[in-house]
Amino acid sequence: MTLTAEIPAETRDAVTIAEGLSERIAAGAGQADAEDRFVAENYALLKEAGLVEAGVPRELGGGGADVRELAAMLRVLGRACGSTALAFAMHTHQVAIPAWRWQHQKVAAVEPLLRRVAAERIVLLSSGGSDWINGSGVARRVEGGYRISGRKIFTSGAAAGTVLMTGAVLEEDGVRHVLHFGAPMKAEEVRILDTWHTLGMRGTGSHDVVLDDLFVPEVAVALKRKAGEWHPLFQTIATIAFPLIYAAYLGVADSACRIALDLARERPVTHDMRSLAGRMITELYGAEAAHEAMLAAVDRNAPSAETVDAVMKGKVLGADHMIRAVELAMELASGAGFYRSAGLERRFRDIQGARYHAMQRGPQAQYAGAMALGESVATVF
């Protein structure tokens, strides 16, 4: 019997499925972390349960979950295993973005990819750590297409991926453009480097991926844009992707606070403990409020410079509150939380990853300041 068959059809939404998987996903999280090992078993559970295609519109064979439902799903997964949730968020947003474009912009070109996700349960990878506004890697024109070389960092879930959604920079006549395409992970010219040995989120398997003279046909290039400045598609990407990514971190903060409260209840409550608990929960409330502001920007269904601004402000504020909530959880748990067996120190390490996604604090402040002053943000990233 499949996992989805175990859940009644009328309640078989992405959040309910994630909750049903939580105990099994949590069971191997600590060992994967300790061994610097990708959470492959958890990915198998997600695939079997139908969450790989959760964000594909129902009309195309998927689960029909919108961004809010997907964010709630990732938050549930984040409570069980931060690495599983963060890695899966990278696939999830790569599905949610074309799904949104298909539904709201009537972009027919994304339909084959979405149908393939639903029918074959392929896993999409993101190389956002390499492929922000400037792009990375080198494309050179050849007969019928391009040859691509580059090294893509932070490719979460690399070992489980089917297609790497990435890009490369083509320079012709002194002008730099970024080409966007999908790279098949089984191609001989694509290889994974064992580089992901980190402070936290160790189970994401976010290794570097090398493209070595990979041929990409002209017809496989989904977008060609000018390098070094915002494009409308990237406004859509930034608006939709980051509320999903930070839902995973919010789940980590949730679970850290829960662990700390459970440990604190085992001791007589003191004035200081009560104050720490209150401060911790208030920080978590701030994180939830910031995340809700990010989702509200998605709800506008009109990606723009303004929605990017709202999402990125929510991202920075949310990260601050999440990190502080987990720091206070460590204090509230006291010495008991210092032991690995409690699971709190792993959450403390995992939550640090919230600092590093684009746009980081400096560029985000520049972007928000330019928006407030009425300046162009076209090259602020």
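Data overview
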quantity: Whichever residue in the range 164-207 is touching a residue at least 40 places away in the same chain (Cβ under 8 Å) and within 20 Å of K47 (Cα to Cα) and, among such residues, is farthest from the chain's Cα centre (by Cα); calculated: M185
quantity: Residue among A183, A187 that alone is in contact with a Leu (Cβ under 7 Å, 6 or more places away or on another chain), under 18 Å from V123 (Cα atoms) and surrounded by fewer than 17 Cβ atoms within 10 Å (Cβ to Cβ); calculated: A187
quantity: Number of positions in the range 127-165 that are assigned to a strand (DSSP E or B) and polar (S, T, N, Q); calculated: 2
quantity: Residue within the range 116-125 that is open to solvent by less than 50 Å² (accessible area, probe 1.4 Å) and either of a type outside the set (A, V, I, L, M, F, W, C) or within 16 Å of V15 (Cα to Cα) (or both) present; calculated: no
quantity: Extreme residue, farthest from M359 (Cα to Cα), among residues of the range 293-317 that are among the acidic types (D, E) and surrounded by 15 or more Cβ atoms within 10 Å (Cβ to Cβ); calculated: E306
quantity: Considering residues of the range 256-267 that are farther than 24 Å from K313 by Cα and in contact (Cβ under 8 Å) with a residue 60 or more places away in the chain only, the residue surrounded by the fewest Cβ atoms within 10 Å (Cβ to Cβ); calculated: E266
quantity: Qualifying residue in the range 146-163 (condition: open to solvent by 70 Å² or more (accessible area, probe 1.4 Å) and without any contact (Cβ under 8 Å) to a residue 24 or more places away in the chain); calculated: no
quantity: Strands (runs of 3 or more DSSP E) wholly inside the range 185-295 that include at least 3 residues being of a type outside the set (A, V, I, L, M, F, W, C); calculated: 207-217, 223-226
quantity: Test result for A372, at pLDDT 95 or above, under 26 Å from the mean Cα position of the chain (by Cα) and of a type in the set (G, A, S); calculated: no
quantity: Criterion violated by A220 - all others in (1) touching a Lys or Arg at 6+ places or on another chain (Cβ under 7 Å); (2) more than 30 Å from I25 (Cβ to Cβ); (3) of a type outside the set (F, W, Y) satisfied; calculated: (1)
quantity: Members of the range 318-366 found to be surrounded by fewer than 17 Cβ atoms within 10 Å (Cβ to Cβ) and closer than 15 Å to G286 by Cα, listed by number; calculated: E327
quantity: Output for the range 255-289, where each listed residue is farther than 22 Å from V76 by Cβ and touching a Leu at 6+ places or on another chain (Cβ under 7 Å); calculated: A264, M273, L276, A277, R279
quantity: Residues being over 19 Å from W230 (Cβ atoms) and acidic (D, E) - total across the range 101-137; calculated: 2
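Every residue, every condition in (1) under 20 Å from R151 (Cα atoms); (2) open to solvent by 10 Å² or more (accessible area, probe 1.4 Å); (3) in contact with a helix residue (DSSP H, G or I) (Cβ under 8 Å, 6 or more places away or on another chain); (4) among the aliphatic types (A, V, I, L, M), yes or no:
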position: T204; (1), (2), (3), (4): yes, no, yes, no
position: D212; (1), (2), (3), (4): yes, yes, no, no
position: P217; (1), (2), (3), (4): yes, yes, no, no
position: V221; (1), (2), (3), (4): yes, yes, no, yes
position: K224; (1), (2), (3), (4): yes, yes, no, no
position: E229; (1), (2), (3), (4): no, yes, no, no
position: T236; (1), (2), (3), (4): no, no, yes, no
position: L244; (1), (2), (3), (4): no, no, yes, yes
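The values are calculated or read from the model by the stated rules, or taken from the named source; none is laboratory data. Note that this is a predicted model, so its numbers are computed, not measured. Neighbour counts run over all protein chains shown; Cβ positions are idealised from the backbone, glycine included. These accessible areas exclude ligands, DNA and RNA; they are computed on the full protein's heavy atoms, side chains included. Shrake-Rupley method; radii C 1.70, N 1.55, O 1.52, S 1.80 Å.
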